[in-house]
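Accompanying notes for the structure given below.
The values are calculated or read from the model by the stated rules, or taken from the named source; none is laboratory data. These figures come from a predicted structure and were not determined experimentally. Here the Cβ positions follow ideal geometry from the backbone for every residue, glycine too, while neighbour counts run over all protein chains shown. Note: accessible area is taken over every heavy atom of the protein model, side chains too, but ligands, DNA and RNA are not part of it. Shrake-Rupley method; radii C 1.70, N 1.55, O 1.52, S 1.80 Å.
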Amino acid sequence: MKTIFIDRDGCVNVRLVGNWVMTWDDFEFMPGAISGIAALKKAGYRLILVTNQRCINLGKFSEEKLNALHDKMQNELKNEGGFFDSIYHCPHDRDENCGCRKPEPGMLLKAAEDFGDIDLSKSIMLGDQESDRLASEAAGVGNFYQISSEQTIADAAKTILAP
Ligand SMILES: [Mg+2]
Ligand SMILES: [Zn+2]
């Protein structure tokens, strides 16, 4: 099934400078994120969120609170016709040398294994950082779109869905 991997901070929501987004008050959708995600979902794409959250293993945040935050995000997206089919997060800190913290490809490879019908070479990744691009390349994902406040998910969706 045609699949798009999407990074969270800096793509779906605005990045906080010097801190992690850990409360709903701090979760501000990026311009174009809600409409772009809805457009891609309506076009039949499977959407998978892949996010580094080392705040968890630093002891600053918890899996439960992260899940609760993502539930609220999903509800907001669903109100506009979009949602993520699945959410993967890496809780590890940099020095743990895990295989899932981007730029490592572990979350993408795990998703491909879990779903079983993802052709990574035909898949797409949307990310705002070099680590997103490197993770997608390492996983063999065929297409990468750089997201910023000027090139939003809605802009990427327009390009992806152009006939
Ligand atoms: Mg990011
Ligand atoms: Zn990890």
Checked against (1) open to solvent by less than 60 Å² (accessible area, probe 1.4 Å); (2) free of Cβ contacts under 8 Å to residues at least 24 places away in the same chain; (3) among the aromatic types (Phe, Trp, Tyr), residue 145 satisfies every condition except (1)
In region 46-58, which residues are surrounded by fewer than 21 Cβ atoms within 10 Å (Cβ to Cβ) and part of a loop (DSSP other than H, G, I, E, B)?
54, 55, 56, 57, 58
When you go through 112, 68, 38 one by one, which is the residue that is more than 16 Å from ligand 2 (Cβ to nearest atom), assigned to a helix (DSSP H, G or I), of a type in the set (A, V, I, L, M, F, W, C) and over 15 Å from the mean Cα position of the chain (by Cα)?
68
Scanning region 1-18 for residues that are in a loop (DSSP other than H, G, I, E, B) and within 14 Å of ligand 1 (Cβ to nearest atom) gives 7, 8, 10, 11, 12, 14, 15, 16, 17
Please list, ordered by first then second residue, the pairs with beta carbon atoms under 7 Å, 6 or more apart or interchain, first in region 83-94 and closer than 26 Å to residue 45 by Cα, second open to solvent by 50 Å² or more (accessible area, probe 1.4 Å) and more than 9 Å from ligand 2 (Cβ to nearest atom).
88/110
Looking only at residues in region 59-97 that are in contact with a helix residue (DSSP H, G or I) (Cβ under 7 Å, 6 or more places away or on another chain) and open to solvent by 90 Å² or more (accessible area, probe 1.4 Å), which one is nearest to ligand 1 (Cβ to nearest atom)?
72
Of the residues 41, 110, 65, which single one is of a type in the set (Lys, Arg), closer than 19 Å to residue 22 by Cβ and modelled with pLDDT of 95 or more?
65
Scanning region 98-142 for residues that are touching a residue at least 40 places away in the same chain (Cβ under 8 Å), within 16 Å of ligand 1 (Cβ to nearest atom) and of a type in the set (Lys, Arg), the one farthest from residue 6 (Cα to Cα) turns out to be 101
Just the residues that are of a type in the set (Gly, Ala, Ser) and in contact with a Leu (Cβ under 9 Å, 6 or more places away or on another chain), please, taken from region 4-40.
33, 36, 38, 39
